[in-house]
Amino acid sequence: DWPRKILNMCPKIAFAVIEADGARHKPFKAPASHEPVVPNGCDVLVGVVGLDALGLVCSEKNVYNAEIIANITGLQIDKDIISANDIANVMTHRGHWRSRDIAKRYAVCINKGNADPSDAHDIVRCISKSSFLDLGVERVVLTGRNDKGRFVVRESYDKAALHHFIDFHHHHHPTSSN
């Protein structure tokens, strides 16, 4: 409960972001059964995936815990290419965060979204499938860097928008942040 104690000692700080689990600088990781290690009292857990994982071969060279990713997705290690659906399957796999009761809420962050967002939208579309939303994904956020190199939220979809993502995406363009 140390994060809560620190926040209580510093009333001007509204929240703390704590990296609970690294991926050894690889864009995609499937957590082992004991991961992520999250402090008690975590309100929101955010699973992060790099958009650059899309199209990579599922191998330990490219991703962290390739064997776990293969077990979840059915991909063959060192042979098959990671798709948007594979990423959605891993990021929402069996409500992993729910089964261990490690967070009240869960969101997915698709990072490194600096180019054409269509690849990120493919992942959002896959997460929008009702079977994934039933696992409790509350928000999907697309992030990247702006022209000044600052980290920004480019697009954000709450649960209602995710339920209607296909229609929403074709008729509206989310507001970009700079």
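Only one of (1) at pLDDT 90 or above; (2) open to solvent by 70 Å² or more (accessible area, probe 1.4 Å); (3) part of a loop (DSSP other than H, G, I, E, B) is not met by Asp101, so which one is it?
(1)
Evaluate the following for Ala161: is it farther than 14 Å from Ala53 by Cβ, assigned to a loop (DSSP other than H, G, I, E, B) and either at pLDDT below 85 or open to solvent by less than 40 Å² (accessible area, probe 1.4 Å) (or both)?
Considered against the rule, which asks whether it is farther than 14 Å from Ala53 by Cβ, assigned to a loop (DSSP other than H, G, I, E, B) and either at pLDDT below 85 or open to solvent by less than 40 Å² (accessible area, probe 1.4 Å) (or both), Ala161 comes out as no.
Show the residue pairs that are 6+ apart or on different chains and have beta-carbon atoms under 9 Å apart, the first residue being within segment 32-55 and without any contact (Cβ under 8 Å) to a residue 12 or more places away in the chain and under 15 Å from Ile69 (Cβ atoms), the second being buried (at least 20 other Cβ atoms within 10 Å of the Cβ) and of a type outside the set (S, T, N, Q).
Ser33/His96
Scanning for something in contact with a strand residue (DSSP E or B) (Cβ under 8 Å, 6 or more places away or on another chain) and either surrounded by fewer than 13 Cβ atoms within 10 Å (Cβ to Cβ) or at pLDDT below 80 (or both), does segment 5-12 turn up at least one residue?
no
Can you name the residue in segment 26-83 that is acidic (Asp, Glu) and in a loop (DSSP other than H, G, I, E, B) and, of all such residues, is surrounded by the fewest Cβ atoms within 10 Å (Cβ to Cβ)?
Among those residues, the one meeting the criterion is Asp43.
Check whether at least one residue in segment 106-123 is modelled with pLDDT under 85, over 28 Å from Pro39 (Cα atoms), acidic (Asp, Glu) and surrounded by fewer than 16 Cβ atoms within 10 Å (Cβ to Cβ), and report yes or no.
There is at least one residue in segment 106-123 that is modelled with pLDDT under 85, over 28 Å from Pro39 (Cα atoms), acidic (Asp, Glu) and surrounded by fewer than 16 Cβ atoms within 10 Å (Cβ to Cβ).
Go through Ser33, Ser83 for me and flag whichever is closer than 23 Å to Tyr106 by Cβ and at pLDDT 95 or above.
Ser83 is the lone residue from the list that is closer than 23 Å to Tyr106 by Cβ and at pLDDT 95 or above.
The values are calculated or read from the model by the stated rules, or taken from the named source; none is laboratory data. As the structure is a prediction and not an experimental result, all values here were calculated from the model. Every residue, glycine among them, receives a Cβ derived from its backbone with ideal geometry; neighbour counts consider all protein chains shown. Side chains included, ligands, DNA and RNA excluded: accessible areas come from the protein's heavy atoms. Shrake-Rupley method; radii C 1.70, N 1.55, O 1.52, S 1.80 Å.
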